[in-house]
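Quick notes on the structure that follows.
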Amino acid sequence: MFVAGGGASGMMAAVAAAGRGLSVTVLEPNGRVGKKLRITGKGRCNVTSDCEPQEFLKSICSNARFLKSSLYAFPPSAVKDFFSEAGVPLKTERGERVFPVSDNANDIADALEKAAKSAGTVIRKERLLSIETVDGAVTGVKTDRGSFPCRAVIVCTGGRSYPGTGSTGDGYAIAESMGHTVTPIMPSLVPLEAEPMCAQLQGLSLRNVALSLYRGDKLIYREQGEMLFTHFGVSGPLVLTASTFIRQGSVRDYRLTLDLKPALTPEKLDERLLRDFSENKNRDFVNSLDALLPKKLIPVMVERSGIPPRTKVNTVSREQRLRLRDLIKCFPIRLVDFRPLSEAIVTAGGVDVSQIDPRTMESKLVRGLYFAGEVLDVDGRTGGFNLQIAWSTGFAAGRSVLKKE
Ligand SMILES: Cc1cc2nc3c(=O)[nH]c(=O)nc-3n(C[C@H](O)[C@H](O)[C@H](O)COP(=O)(O)OP(=O)(O)OC[C@H]3O[C@@H](n4cnc5c(N)ncnc54)[C@H](O)[C@@H]3O)c2cc1C
């Protein structure tokens with residue numbers, strides 16, 4: 001049997017299938033396996049999230065119900081055991097994020113390769129082009145090297161983000177050619193393009209701010225943490241997570257607001273402003289905010305407040321001060337678009353899971369055809385959730401492939 005793709009899900013599928021004594025060949029056009037895996041978690045690889053499956057499922061953005069059975073069969077605790085037994089000790093950091101103790105993603109990819117090879121898996125530098133079937137069952141694969149007979153193939157070709165790693169979206173067309181529906185693919189965990197004001201703030205990184213995402217007037221997401229202004233808009237952990245909530249309509253239908261002082265109630269912030277103003281009463285307004293706001297933000301804040309910068313602080317009216325307070329608590333950022341799919345951490349959408357058996361990952365349309373990993377329409381937030389999706393679905397496919405025969 002063949003596994004197409006030597007990424008996270010493909011290698012886990014290969015280990016599980018070869019461990020059952022099956023003859024497994026992984027087709028990986030890069031030759032070297034795990035090219036994306038090696039850059040995950042900024043080179044440290046956030047392997048999984050150290051939590052119970054029911055808690056884990058709350059961080060799945062689409063098709064959590066489909067994931068349930070494979071996740072329970074191979075949960076984060078099993079992934080931790082797997083890598084520890086494969087010689088890669090793991091540690092759990094803040095937010096239940098699990099990393100190798102070595103902080104080196106290569107150790108995870110190398111361990112998978114070693115486990116697959118020692119179970120007899122062959123890895124070939126080859127690209128899957130199409131799948132041959134007779135009477136609704138897989139009979140062979142066509143690759144860039146030729147045609148080869150087989151009774152099963154697990155498609156683990158990943159999404160379409162970071163195409164330089166090999167994930168160029170081939171699996172979507174292959175799935176469609178087999179009669180499968182592919183739901184629209186879109187970037188997720190992706191920076192957002194926003195109004196030109198952001199470019200003025202380029203490089204400004206904010207900690208302990210609260211970011212809110214609205215669709216119209218409806219609050220969809222609010223969290224406290226870090227974000228970053230860039231030449232195109234906004235990025236950083238809060239923004240990447242916010243992007244996973246933008247699933248309907250256009251990005252322009254959504255807007256962000258930033259609470260720059262989430263620890264202060266509006267009343268407390270007003271008291272703070274009054275105190276700062278009384279200490280600076282003979283200074284220009286533009287020079288009175290240094291203690292309260294990052295330097296880079298002050299010109300933008302002054303402009304948006306509508307208070308002339310050279311106004312003497314002791315002449316700022318109550319109304320003006322309250323407007324400034326509201327702006328600090330609720331700084332609006334107009335959104336324009338996602339950054340391109342190529343810059344997204346994951347691809348949302350993919351092979352429609354209603355046509356896949358959630359226990360085995362086998363196609364309900366073609367016998368012997370399986371899908372696992374990001375090619376499926378399942379994705380999660382940051383924190384190790386997307387790799388766990390790859391481990392659980394890859395393991396389910398490898399454990400089930402050719403079982404009946
Ligand atoms: C920068 C970055 C950092 C990330 N960090 C994390 C993290 O720390 N934790 C986390 O949980 N998730 C992280 N992710 C997401 C995670 O890497 C992916 O969700 C995961 O790798 C998906 O696994 P996969 O096996 O489905 O696909 P991939 O890992 O993308 O593997 C797919 C493989 O298929 C091969 N392939 C493509 N077409 C063909 C074909 N026609 N024939 C044969 N092979 C083919 C590709 O070369 C590739 O090697 C990160 C993603 C990025 C981009």
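The values are calculated or read from the model by the stated rules, or taken from the named source; none is laboratory data. This is a predicted model, so every value here is computed, not measured. So basically every Cβ, Gly included, is an ideal-geometry build from the backbone, and we count neighbours across all protein chains shown. For accessibility, only protein heavy atoms count, side chains too; no ligands or nucleic acids. Shrake-Rupley method; radii C 1.70, N 1.55, O 1.52, S 1.80 Å.
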Options VAL134, VAL138: the member that is farther than 25 Å from VAL98 by Cα and in contact (Cβ under 8 Å) with a residue 24 or more places away in the chain: VAL138
Filter pass, SER59 being within 13 Å of the ligand (Cβ to nearest atom) and of a type in the set (Ser, Thr, Tyr): yes
Test for VAL351: is it more than 19 Å from LEU57 (Cα to Cα) and open to solvent by less than 10 Å² (accessible area, probe 1.4 Å): yes
Those residues of region 213-233 which are under 20 Å from GLY95 (Cβ atoms) and polar (S, T, N, Q), in sequence order: GLN224
Extreme residue, farthest from GLY166 (Cα to Cα), among residues of region 31-43 that are within 9 Å of the ligand (Cβ to nearest atom) and buried (at least 18 other Cβ atoms within 10 Å of the Cβ): GLY41
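Given the criterion near the ligand (Cβ under 10 Å from one of its atoms) and in contact with a Cys (Cβ under 6 Å, 6 or more places away or on another chain), identify the matching residue among ALA105, ALA173.
It is ALA105.
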Out of SER9, SER49, SER69, sole residue that is within 13 Å of the ligand (Cβ to nearest atom), more than 26 Å from SER118 (Cβ to Cβ) and either of a type in the set (Gly, Ala, Ser) or open to solvent by 20 Å² or more (accessible area, probe 1.4 Å) (or both): SER49
Count - residues of region 287-322 that are of a type outside the set (A, V, I, L, M), touching a Lys or Arg at 6+ places or on another chain (Cβ under 8 Å) and assigned to a loop (DSSP other than H, G, I, E, B): 1
Residue within region 94-103 that is part of a loop (DSSP other than H, G, I, E, B), of a type in the set (Val, Ile, Thr), within 30 Å of GLU55 (Cα to Cα) and modelled with pLDDT of 95 or more present: yes
Residues satisfying the stated conditions in region 21-30, i.e. open to solvent by less than 20 Å² (accessible area, probe 1.4 Å) and away from the ligand (no atom under 13 Å from the Cβ): VAL24
Only listed residue being among the β-branched types (Val, Ile, Thr) and either more than 16 Å from the ligand (Cβ to nearest atom) or assigned to a loop (DSSP other than H, G, I, E, B) (or both), chosen from VAL239, VAL190: VAL190
Candidate set: region 114-128, residues that are hydrophobic (A, V, I, L, M, F, W, C) and touching a helix residue (DSSP H, G or I) at 6+ places or on another chain (Cβ under 8 Å); chosen: the one nearest to SER23 (Cα to Cα): ALA119
From ALA14, ALA18, residue being over 23 Å from the mean Cα position of the chain (by Cα), buried (at least 20 other Cβ atoms within 10 Å of the Cβ) and either more than 30 Å from ALA173 (Cβ to Cβ) or away from the ligand (no atom under 15 Å from the Cβ) (or both): ALA18
Residues that are among the β-branched types (Val, Ile, Thr) and out of contact with any helix residue (DSSP H, G or I) (no Cβ under 6 Å at 6 or more places or on another chain), drawn from region 383-405: ILE389
Subset of region 39-73 that is more than 28 Å from THR183 (Cα to Cα) and part of a helix (DSSP H, G or I) - its residue that is farthest from the chain's Cα centre (by Cα): GLY43
Test: residue in region 177-184 that is under 19 Å from SER342 (Cα atoms), assigned to a strand (DSSP E or B) and open to solvent by less than 60 Å² (accessible area, probe 1.4 Å): yes
Positions within region 193-229 being part of a loop (DSSP other than H, G, I, E, B), in contact with a Phe, Trp or Tyr (Cβ under 9 Å, 6 or more places away or on another chain) and open to solvent by 60 Å² or more (accessible area, probe 1.4 Å), in sequence order: GLN202
Unmet criterion (only one of (1) under 28 Å from GLY169 (Cβ atoms); (2) open to solvent by less than 20 Å² (accessible area, probe 1.4 Å); (3) more than 11 Å from the ligand (Cβ to nearest atom)) for GLU126: (3)
Identity of the residue in region 145-165, open to solvent by 30 Å² or more (accessible area, probe 1.4 Å) and farther than 19 Å from MET1 by Cβ, that ends up nearest to the ligand (Cβ to nearest atom): TYR162
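Here's the yes/no breakdown for (1) small (Gly, Ala, Ser); (2) on the phi > 0 side of the Ramachandran plot; (3) surrounded by 21 or more Cβ atoms within 10 Å (Cβ to Cβ):
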| residue | (1), (2), (3) |
| --- | --- |
| VAL300 | no, no, no |
| THR311 | no, no, no |
| SER363 | yes, no, yes |
| ARG367 | no, no, no |
| PHE385 | no, no, yes |
| GLY398 | yes, no, yes |
In region 284-311, the residues that are modelled with pLDDT under 95 and among the basic types (Lys, Arg): none
